[in-house]
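The values are calculated or read from the model by the stated rules, or taken from the named source; none is laboratory data. Note that this is a predicted model, so its numbers are computed, not measured. Cβ: placed from backbone, ideal geometry, glycine included. Neighbour counts: every protein chain shown.
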Amino acid sequence: MRAAVLNEVGGIPEYGEFEDPAGHGDGALVEIAVAGLNPVDIATTSGLMGPVEVPCVAGLEGIGTHDGRRVYFEKCLPPFGSFAERTRVDPELLIDVPDGVDAELAVCFGTAGLAAWNALEWRGRLAVGESVLVLGASSVVGQIAVQAAKLLGAGRVTAAARDEEMLVRTRELGADATVDIGGEPDEIAARLAEAAGQGYDVILDAVWGEPAVAALPTLADHGRLVQVGNAASPTASISPRGLRARLASILFFTIYQLPPDVKAQSFQRMCEHGARGELRVDVEVVPLAEVASAWERQGTGPHRKLVIRP
């Protein structure tokens, strides 16, 4: 079958032929309609998430069909992946995709959407009327988080990013205010504080590093910073004094710790919002044969969901 084949750990997947999983008995066979490309794909194939046996097919998530069901899947059974015509997955992890939502949009509510929605609701315990800051709002996770916060009842949502054009886009997606987090740390801190009002109840942080350090003083009493990614830096130097005084929290989040029922319910809720036009994502569909160029673009932050079509 046609697939994006990883021949070297840390390398770029190459379009070519790979063994067809139809001949293997383990797991559920899924015919793939589209697959989602994410930063975690690059991390996984680089060995940062654990050992990688090559050759294998790249890709972790997708939308396809299994026994007549339209399903979302993740965690393909090695050596198969989602950037291919077919794959095999654990049948217990399949999630039914609601009617009315295109596959290209539905796959956005997998890895990216589950991180955005559940960082706010499940981990951040966002309550109706609370204020939200989205750090890294130019990413797909950030764009979905801006909209998810509104759908979950946030009273005020501030989007923070370095890209001016994307800050304009977050306004179109419902952000009440925007903050440029480019420049020196003191400048970032001043801008975030000016936009904070009485403080943020929940901060969704997809960047870490200096922006997160600058944002922590803007947390309200009992505020929560939910850490979902470290696009700016893998480290941050934090003083605990102010956080202790406000009984504020730093909470870490990964979709891989989500209970299966929470994952399925939130995915399907997002699909239903998407079908009604209430959740929008900029999507670019890329043919499987062009996977190498899409892979390189993903590494530079394309500000849109790159979707691979076999």
**Item:** Selection within segment 119-159 - under 25 Å from THR300 (Cα atoms) and either charged (D, E, K, R) or not assigned by TED's automatic domain parsing to the domain that holds GLU194 (or both)
**Value:** ALA119
**Complete:** Being in contact with a helix residue (DSSP H, G or I) (Cβ under 6 Å, 6 or more places away or on another chain), assigned by TED's automatic domain parsing to the domain that holds TRP295 and either farther than 18 Å from CYS271 by Cβ or not in a loop (DSSP other than H, G, I, E, B) (or both) narrows VAL54, VAL34 down to just VAL34
**Asked** What residue, of ASP201, ASP205, is touching a Leu at 6+ places or on another chain (Cβ under 6 Å), acidic (Asp, Glu) and in the same structural domain as SER131 (by TED's automatic domain parsing)?
**Response** ASP205
**Asked** Somewhere in segment 258-277, is a residue closer than 25 Å to ASN230 by Cα, of a type in the set (Gly, Ala, Ser) and not assigned by TED's automatic domain parsing to the domain that holds GLY223?
**Response** yes
**Complete:** Residue hits (segment 200-236; out of contact with any Ser or Thr (no Cβ under 6 Å at 6 or more places or on another chain), touching a residue at least 40 places away in the same chain (Cβ under 8 Å) and more than 9 Å from LEU135 (Cβ to Cβ)) are VAL202, THR218, ALA220, VAL226, VAL228, GLY229, ALA231
**Request:** Would you mind telling me which numbered condition in (1) within 15 Å of THR111 (Cβ to Cβ); (2) touching a strand residue (DSSP E or B) at 6+ places or on another chain (Cβ under 9 Å) GLY27 fails?
**Result:** (1)
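Name the residues in segment 30-73 that are of a type in the set (Asp, Glu) and farther than 24 Å from VAL141 by Cα, would you? Walk me through it before giving the result.
Taking segment 30-73 and keeping what is of a type in the set (Asp, Glu), we get 31, 41, 53, 61, 67.
Answer for segment 30-73, where residues must be of a type in the set (Asp, Glu) and farther than 24 Å from VAL141 by Cα: GLU31, GLU53, ASP67.
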**Message:** I need the full set of residues from segment 263-281 which are in contact with a helix residue (DSSP H, G or I) (Cβ under 6 Å, 6 or more places away or on another chain) and either among the β-branched types (Val, Ile, Thr) or on the phi > 0 side of the Ramachandran plot (or both), in order please.
**Reply:** VAL281
**Fill in**
Note on segment 13-26: residues within 16 Å of LEU60 (Cβ to Cβ) and either touching a helix residue (DSSP H, G or I) at 6+ places or on another chain (Cβ under 6 Å) or loosely packed, with under 14 Cβ neighbours inside 10 Å (or both) are PRO13
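Just to verify a result, which residue in segment 299-310, among those that are modelled with pLDDT of 95 or more and farther than 20 Å from ARG2 by Cβ, is surrounded by the fewest Cβ atoms within 10 Å (Cβ to Cβ)?
First, the residues of segment 299-310 that are modelled with pLDDT of 95 or more: 304-310.
Narrowing the set further to residues that are farther than 20 Å from ARG2 by Cβ leaves 304-305.
On the way: ARG304: 18, LYS305: 27.
Ranking the candidates gives ARG304 first.
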**Request:** Mind telling me which of the residues ALA58, ALA4, ALA35 ends up being under 19 Å from ILE95 (Cβ atoms), surrounded by 20 or more Cβ atoms within 10 Å (Cβ to Cβ) and at pLDDT 95 or above?
**Result:** ALA35
**Residue match in segment 84-101 (condition: of a type in the set (Ser, Thr, Tyr) and under 23 Å from PRO302 (Cβ atoms))** = no
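Determine whether VAL101 is in contact with a Cys (Cβ under 6 Å, 6 or more places away or on another chain) and within 27 Å of VAL30 (Cβ to Cβ). If you could, list the steps in order and put the result at the bottom.
Values: in contact with a Cys (Cβ under 6 Å, 6 or more places away or on another chain): yes; within 27 Å of VAL30 (Cβ to Cβ): yes.
For VAL101, the condition - in contact with a Cys (Cβ under 6 Å, 6 or more places away or on another chain) and within 27 Å of VAL30 (Cβ to Cβ) - is met.
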**Message:** Of everything in segment 232-264, what is under 22 Å from ASP201 (Cα atoms), touching a strand residue (DSSP E or B) at 6+ places or on another chain (Cβ under 8 Å) and not in a loop (DSSP other than H, G, I, E, B)? Give them in sequence order.
**Reply:** LEU243, SER249, ILE250, LEU251, PHE252
**Request:** Starting from segment 282-295, keep only residues that are among the aromatic types (Phe, Trp, Tyr), then list their pairs with residues that are surrounded by 14 or more Cβ atoms within 10 Å (Cβ to Cβ) whose Cβ atoms are within a distance under 7 Å, requiring at least 6 positions of separation or different chains.
**Result:** TRP295/ILE12; TRP295/PRO13
**Asked** Residue check, GLY174 against (1) touching a residue at least 60 places away in the same chain (Cβ under 8 Å); (2) at positive phi, all met but one. Which one?
**Response** (1)
